[in-house]
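This report refers to the structure that appears directly beneath it.
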């Protein structure tokens, strides 16, 4: 089962290593991991998407809360949070396919952030499903490069 965990931590050296070590020590596979400072520069938010069962998750959350630099731990259940992901995708685009790719991007409200003679870079923010749907439509054109942030989440 997939779980989205948000961990608010002190913005200090080594905290990420301790938190990710806790996940792996409890047998969780990390699907995505996103870390960045918050509006308060002394704090960072770690958002992780993990695979594991409920019993493992409960124990993991209890262990995280015991870590010295952890301020808050939240496990988001389905529908409890606003979740988004950012993707940058470089797609092969010649003169014949360019307009079709731009139309696909427009349907998804994505932005063309770079235009070259033989490719486009598209930026999209949305749910996992939205990102997946865009990527599946772009795949026939030829995805040259791809960068994803992983999931970000905030409680509603």
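Every number here is computed from the coordinates shown, using simple stated rules; none is lab data. Please read these numbers as outputs of a predicted model, since none were measured by experiment. Please note: Cβ atoms are built from the backbone with ideal geometry, for glycine as well, and neighbour counts cover all protein chains shown.
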In 5 Å bins starting at zero, report the fraction of Cα pairs in the range 2-76 per bin as a rounded %. 3, 17, 32, 27, 14, 5, 1
Within the range 52-96, name every residue whose backbone N is under 15 Å away from a label modeled 7 Å from Cα of residue 112 along the Cβ vector. 89-96
At 10 °C and 1.306 mPa s, what whole-number value in µm²/s does Stokes-Einstein give for the translational diffusion of the range 77-156, with Rh from the Kirkwood sum over Cα pairs? 121
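Any idea what the relative contact order of the chain is, in percent, if you count C-alpha pairs under 8 Å spaced at least 6 apart? It would help to have the intermediate numbers written out before the result.
Working: 283 pairs, mean separation 42.9, N = 156.
Averaging sequence separation for qualifying contacts and normalising by length gives 27 percent for the chain.
Please compute the length gained on full extension between residue 137 and residue 12, using 0.36 nm multiplied by the number of residues separating them and subtracting their Cα-Cα distance.
Values: separation 125, 0.36 × 125 = 45.00 nm, distance 4.12 nm.
Result for the pair: 40.9 nm of gain on full extension.
What does the extension gain come out to for residue 147 and residue 62, with contour length at 0.36 nm per residue minus their alpha carbon separation?
Numbers: separation 85, 0.36 × 85 = 30.60 nm, distance 3.25 nm.
Using 0.36 nm per residue and subtracting the Cα-Cα distance, I get 27.3 nm.
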Helical mean residue ellipticity (222 nm; -39500 (n - 2.57) per DSSP H run of 4+; nearest 500) of the chain: -9000 deg cm²/dmol
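Can you tell me what percent of all Cα-Cα pairs in the chain are more than 20 Å apart?
On the way: 6685 of 12090 pairs.
For the chain, the fraction of Cα-Cα distances above 20 Å is 55 percent.
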